[in-house]
Amino acid sequence: MRNDWDGQSFPHPPGRRPLVGDVLGADPRKPLQSSLERSKGLGPIFELKIFDQKFVVVTGAELAAELADESRFEKALSPALVALREFAGAGLFTAYNDETDWALAHDLLRPAFMRDSMQRYHPVMLAAAQELFDHWDVATEPVDVSADMTKLTMETISRTAFSQDFGSFTRDEPHPFIPAMIAALRAGQRKGTLNSMPGAGLMAKRIDRRNAHHQEYVDRLLDDIIATRRASTDVDDRDLLGIMLHTPHPETGARLDDVNIRHQILTFLVAGHETTSGALSFALYYLSRDADLLARAHEEVDRILGPDRDVEPTFGQVAKFRFLRRVLDEGLRLWPTAPAYARSPRETTTLASGHVMRPQDWALVLLPAVHRDPSVWGETADEFDPDRFLPENSRGRPTQTYKPFGTGERSCIGRQFALHEAILVLARMLHRYELTYDPAYELSITERLTLMPEGFRLGLTLRTPSSSAADADEPAQPAESRTCPVSSIDQPGL
Ligand code: MNH
């Protein structure tokens, strides 16, 4: 993982020290937010030296767009992903580009994220949301939005992908799998970040020893799920697990082995829930504090769903919530919940910045910075404005500069899944509840692998949807809602 860029130097924040490099100015609990802060004024590309490890970070939209060129660049595994491999092995997210298991799993699982499969997940997603609403209906205190959304997205991914119910809404304590998984994940991350520090080997052993029981519990539970499914005949076998267990590759006949299947389950559980719950939480944060935006959201959900607050959106209706979709897009612009990815060139190449980049070098694309580049988003780039994503305002915007789901062949396989789930939950929630926010709350963001508001609460009271809204089938709406709902959920340039 040498990444010395052949000794080329880049601007770096003030205060660099011998040995430790730029570590001192960083907040270890909020590395992303402190990098964002420290990147200011350093131009479109800068470096951080953390002990021996050099991080070259791209914050400019033009360079990010250049790195998205798949003919010249490809995904690289940042130290964070190398660390995650400790836990998720050669699962889709952490596989190297040339690992055969990547192409195999990608080919096998892609159909599980296409329209027909999504249609099967739709009622499962609705049922999970309803369980959360059953709790919220009787809540007497403001609810912790990120925590509840995380329960919901965890249940949704585990029920849809593996037909596994963790009972998150009926237990007082989370299913023991969840804290064990988080502990194992953290241990892997801590180990991964030791890399370049003196004494790393010893510390890694200590972490392994302390973490062993968590990892064993996680592995045993997943191996049980796999074994139970192999033996059973009465589950819908078309979910991700069924596909992985029973489908050979249509051309090569190859199959995933059981260890890889376990790694894929972990990958989907990890990649498939916090990102979406963060996206939902940021969207709700911005919506709840702006009476005008909230009114527009209410207008949309009432128009499409009508006056009965218990009604559930049909599969086809989900693509009609164009305003909610823009709210999610705009939330993911300001706070892309998977906030960075790494790129390497396929051959030695020279960047527009003049730097020579070799295949062993990688650069981190820092999305919250790229997504606020004033050359693309204007001087108000830090403000929340979903109208940026109106078709007429998106036209002419340079492509390849908005990348919350990553880029190219290794971009997010769960994108449609996440958007479908998020829109559906937002729509039902706004239709069902009045939201009251605490004006004293200031947005505070916690960082794990993902970004998530912390301490963000909303008061929820049952709402009476407006019945004056136009009828649900033929909304008298501008041109955008007449575009094909299926194709318009896709964005070009991914
Ligand atoms: Mn998702 C890859 C963001 C929801 C499963 N995801 C990525 C990448 C980003 C990303 C960025 C690319 C990372 C890289 O280049 O190193 N993902 C998101 C966001 C959301 C999200 C912002 C929600 C919002 N992701 C989901 C969901 C699932 C999922 C839901 C599963 C159901 N994501 C993946 C997998 C990959 C991935 C698997 C790896 C794909 C690959 O490399 O083949």
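The numbers here are math on the coordinates, done by the rules we state, and not lab data. For clarity, every value in this text was computed on a predicted model and none was experimentally measured. Cβ atoms come from the backbone with ideal geometry, glycine included; neighbour counts cover every protein chain shown.
What to note about this one:
- Equivalent ellipsoid semi-axes - Cα gyration tensor, the stretch 1-141, angstrom: 38, 25, 16
- Theoretical gain in end-to-end length, Asp308 to Ala231 [0.36 nm per residue, Cα-Cα removed]: 23.4 nm
- The chain - percent relative contact order, Cα under 8 Å, separation 6 or more: 23 percent
- Among the lysines of the chain, pairs at least eight places apart or on separate chains and with Cα atoms under 22 Å apart come to 14.
- Dividing the convex hull volume of the alpha-carbon atoms in the stretch 162-221 by its residue count gives 92 Å³ per residue.
- Just so you know, the Rg over Rh for the stretch 137-177 is 1.00, from Cα atoms, with Rh as the Kirkwood radius.
- Relative counts (whole %) of C-alpha pair distances in the stretch 228-354, using bins that are 10 Å wide: 9, 23, 23, 26, 16, 3, 0
- Using just its DSSP H runs of length 4 or more, each adding -39500 (n - 2.57), the chain gives a mean residue ellipticity at 222 nm of -14500 deg cm²/dmol after division by all residues.
- Here the stretch 1-61 is treated as a Stokes sphere of Kirkwood radius computed over C-alpha pairs; at 25 °C and 0.890 mPa s its diffusion coefficient rounds to 206 µm²/s.
- For the stretch 82-157, the C-alpha radius of gyration sits at 1.53 times the compact-globule guess of 2.2 N^0.38 Å, with N the residue count.
- DSSP bridge analysis restricted to the chain gives an antiparallel fraction near 90%, rounded to the nearest 5.
- Inter-part distance where the stretch 103-162 and the stretch 389-436 are each reduced to a Cα centre, Å: 16 Å
- The residue list Ser39, Val145, Leu132 was ranked by how far each Cα lies along the charge dipole of the stretch 14-164 toward its positive end, using unit charges on Cβ atoms, and Ser39 comes out on top.
- In terms of Cα atoms, the Rg and Dmax of the stretch 323-371 work out to 14.7, 43 Å.
- In the calculated pair-distance distribution of the stretch 58-198, the portion above 26 angstrom amounts to 48 percent of the Cα-Cα pairs.
- Proximal charge balance of Gly21 [Cβ under 12 Å; K/R count +1, D/E count -1]: +1
- Gyration tensor verdict on the stretch 163-322 (Cα atoms; rounded if a/c is under 1.5, prolate if a/b is larger than b/c, oblate otherwise): oblate
- Highest average packing first - 386-399, 422-435, Cβ atoms within 10 Å: 422-435, 386-399
- Counted charge near Phe166, where neighbours are those whose Cβ lies closer than 10 Å (Asp, Glu -1; Lys, Arg +1): +1
- Kirkwood-based Rg to Rh ratio, the chain, C-alpha trace: 0.95
- Dipole axis of the stretch 249-297 (+1 Lys, Arg; -1 Asp, Glu on Cβ), positive-most option in Ala291, Leu280, Ala254: Ala291
- Added length on full extension, which subtracts the Cα-Cα distance from 0.36 nm per residue, Val356 to Ser71: 100.9 nm
- Other residues whose C-beta falls under 14 angstrom from the C-beta of Glu409 contribute a net charge of +2, scoring Lys and Arg +1 and Asp and Glu -1.
- Rounded if a/c under 1.5, otherwise prolate or oblate - the stretch 405-464, Cα gyration tensor axes: oblate
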